[in-house]
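Structure first, commentary second.
Nothing in this text is a laboratory measurement; each read-out follows from the coordinates by a stated rule. In this text, all values refer to a predicted model and were calculated from it rather than measured experimentally. No Cβ is skipped: glycine too gets one built from the backbone with ideal geometry, and neighbour counts run over all protein chains shown.
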């Protein structure tokens, strides 16, 4: 299948449209059960690892030892992985990133509030 860009004012033919539809990737293949279970196990462990920090931050209110840049990048990464999981239909990625987003957002929100109150410094 050959692809080409349309020139300004040029319309896509029905043939071009049907080629485009055929070029859409197929949904992700289902993995064997052991592989899927491994994925969910790894997702569970990494997701649970973020809850202690969120709980400690909520209880103590202390965010001085937390990097704002790291949590911003981390939260964006979790969001991107979650979107990727939705696009590819990857269950462990969807579940893990949706659940990990909760404590990451809690810590990030507390850090931002601490900065706004002047209890913490950006640098």
Surface/4 of the Cα convex hull for the range 32-117, nm²
5.7 nm²
What are the extents of the Cα atoms of the range 80-123 along their three principal axes, in Å, largest first?
43, 15, 12
Label-point separation (nm) for residue 105 and residue 80, each offset 7 Å from Cα along Cα-to-Cβ?
2.0 nm
Residue separation times 0.36 nm, minus the C-alpha to C-alpha distance between residue 53 and residue 67: what's the value?
3.8 nm
Can you tell me the FRET efficiency between residue 46 and residue 117 if r is taken as the Cβ-Cβ distance and R0 is 30 Å, rounded to the nearest 0.05?
0.45
